[in-house]
1. Just one of 8, 14, 77 is modelled with pLDDT of 90 or more, part of a loop (DSSP other than H, G, I, E, B) and open to solvent by 30 Å² or more (accessible area, probe 1.4 Å); which is it?
2. Can you tell me which of (1) open to solvent by 60 Å² or more (accessible area, probe 1.4 Å); (2) on the phi > 0 side of the Ramachandran plot; (3) at pLDDT below 80 is the one residue 91 doesn't meet?
3. Does the range 118-133 include one or more residues that are over 30 Å from residue 14 (Cβ atoms), open to solvent by 40 Å² or more (accessible area, probe 1.4 Å), at pLDDT 90 or above and over 14 Å from the mean Cα position of the chain (by Cα)?
4. Any residue that is surrounded by 17 or more Cβ atoms within 10 Å (Cβ to Cβ), of a type in the set (Lys, Arg) and within 19 Å of the chain's Cα centre (by Cα) - is there at least one of those in the range 56-73?
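The values are calculated or read from the model by the stated rules, or taken from the named source; none is laboratory data. Please read these numbers as outputs of a predicted model, since none were measured by experiment. Here the Cβ is made from the backbone with ideal geometry for all residues, glycine too, and neighbour counts use every protein chain on show. The area values use the complete protein model at the heavy-atom level, side chains included, leaving out ligands, DNA and RNA. Shrake-Rupley method; radii C 1.70, N 1.55, O 1.52, S 1.80 Å.
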Amino acid sequence: MATSSRVTPGVFATDERVEVLSSDEGFADAWATATVLLAKRHECTVEYQKFVDEHNKPIREKVPLERVRHVPAFPNTFNVKKGLRGEGYLNDCWWPGQIVEQHERKGLRLDFDDGDSAWLHRRHVRPMLRSAPRRAPDGSHWLPSRSTMPSFAPPPAPSRTRRLPPRARR
């Protein structure tokens, strides 16, 4: 299901594709693709697209809404430059990091927030769309992200009427 950047955050529909923030060790801050099976006021039951259990069945999990985001709509092209915060697709998840190098053949090198680094093809890198929420110091609940990321919605269509600047008085 295609999503728009105008979708209300935290409102999800059954059968909608979403991304879920992992809380598992070794996958902290990684966003994995899932489908909403049941949406409630404070949590969603999701089924992961790429992760399966020991019986080869997709893993299902109840997750708080703070750990769920709509599949981001982002431009196919964006200005890549050294220092840009981005997300790289690696091991079936989107991981936050920073673009540190660009190479004609190798692609883009990202330094991930967890300390790893990898060369990724351009199609596996996108602008950072939403910072991950963080756990409360006592670990009892999730806190919202510290900053909101810019929207990558397409610009509004230009007006058909052209406004001319006022003429200078003589």
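1. Answer to the selection: 14.
2. Only one criterion is unmet by residue 91, namely (3).
3. Yes: the range 118-133 contains one or more residues that are over 30 Å from residue 14 (Cβ atoms), open to solvent by 40 Å² or more (accessible area, probe 1.4 Å), at pLDDT 90 or above and over 14 Å from the mean Cα position of the chain (by Cα).
4. Within the range 56-73, one or more residues are surrounded by 17 or more Cβ atoms within 10 Å (Cβ to Cβ), of a type in the set (Lys, Arg) and within 19 Å of the chain's Cα centre (by Cα).
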